[in-house]
Each structure stands twice: as structure tokens, then as C-alpha cells.
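Notes follow once the structure below has been shown.
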Amino acid sequence: MIGLMRVCIVGRMNIGNRLDQAMKAARIKSQSELSRLSGVPQATISRILKDIGAKGPETETIKKLAKACRVSFTWLNEGEEDSLPSSQGTADPLLDQRIAHALRVMQQMPEYKLNQIVKIIDTIAEPLPFEKSDSADTRKS
């Protein structure tokens with residue numbers, strides 16, 4: 001029964017509802033922030049969110065917004081997928097959303113940038129508790 005209700009609710013969502021949901025999932029706090037990220041004018045974003053206008057947004061606009069929110073064009077435009085793809089979290093609900101976001105971004109990076117990110121993380125990360133005791137044991141021997 002819950003699955004049926006979920007399908008009905010998703011089916012009734014318009015592009016404004018989906019964009020609002022995508023913004024929340026991507027932790028985009030304002031229309032202005034989305035405008036900066038996507039290159040779409042804030043007034044256009046406002047019209048989409050309010051579902052104002054005789055016709056829907058242009059395809060290119062939807063593509064830009066989908067990319068900025070890290071969702072698929074198909075989901076944002078048509079709502080055909082069951083949930084927010086790639087932005088709703090991960091298979092492990094306990095995984096911190098910031099980590100999930102970082103992983104999604106890093107998956108799209110070229111190899112050389114990914115290597116730079118790993119070096120930065122290694123540089124700023126404190127050793128984990130088990131690593132501290134391992135390195136202390138290594139120094140003793």
C-alpha cells in the first residue's frame with residue numbers, strides 16, 4: 001500500500017516540486033545559489049519553482065539545473081524514476097551526506113584531480129586511533 005501511495009505522489013509532482021526536492025537533496029540553500037551553480041537566472045528558477053508560465057522551461061535550462069543539482073535530466077524533466085538519482089543518499093543510510101556528496105563529485109573528476117584530492121586528505125587527516133598505535137609500535141622496533 002505504501003509503495004502505491006509513493007508512486008501516486010511521485011506521479012503528481014511537477015517540475016517545480018522535483019526541482020525543490022533536488023535542491024534540498026543537493027543542499028542548495030537558495031535560488032541565488034542554484035543560479036550561480038547552474039548559470040540559470042534566479043527569476044527563471046523562481047518561475048519554475050512556483051510553476052508559473054504558459055509552457056515549461058527550455059530543455060537547456062532543465063539540463064543546467066539537473067547538472068547543478070546532480071540529478072538526471074530525465075528525473076527532473078519527467079519524474080519517471082522512482083527517486084532522486086544520485087542525490088538521495090547511498091545504500092548505507094548511516095553514511096554521512098557530506099561524504100556521499102564528496103564521493104559523487106570525486107567520481108566525476110579526472111584521475112589527476114582525484115590524486116590531488118587524495119593527497120590533500122592524507123595531508124590534513126589526523127591518523128586514526130588504530131593507525132597511531134601501529135605507528136608507535138613500528139617506532140619501538
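Read the figures in this text as sums done on the coordinates, not as results from a lab. Keep in mind that what you see is a predicted model, and the values were worked out from it rather than measured. Here the Cβ positions follow ideal geometry from the backbone for every residue, glycine too, while neighbour counts run over all protein chains shown.
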Of the listed peptides 55-68, 97-110, what is their order by residue-averaged count of other C-beta atoms within 10 Å, with the highest listed first?
55-68, 97-110
Mean Cβ-within-10 Å packing, highest first, puts peptides 113-122, 33-42 in the order 33-42, 113-122
Which listed pairs, of LYS24/LYS50; LYS24/LYS67; LYS29/LYS55; LYS24/LYS55, have C-alpha distances above 20 Å, in listed order:
LYS29/LYS55; LYS24/LYS55
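For MET13 and ARG27 in one chain, what is 0.36 nm times their gap in residues minus the Cα-Cα distance, to one decimal in nm?
On the way: separation 14, 0.36 × 14 = 5.04 nm, distance 1.98 nm.
The MET13-ARG27 span can extend by a further 3.1 nm.
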Inter-part gap, Cα centre of region 103-126 to Cα centre of region 14-84, in whole angstrom, is 28
Apply the Karplus parameterisation 6.51 cos²θ - 1.76 cosθ + 1.60, with θ equal to phi minus 60°, to every residue of region 13-18 and state each ³J(HN,Hα) to the nearest whole Hz, in sequence, with x for glycine and proline.
5, 9, 4, x, 5, 5
Scalar couplings 3J(HN,Hα) for region 49-65 by Karplus 6.51 cos²θ - 1.76 cosθ + 1.60 (θ = phi - 60°), nearest whole Hz, x for Gly and Pro, are 5, 8, 6, 9, x, 5, 10, x, x, 5, 4, 4, 5, 5, 4, 5, 5
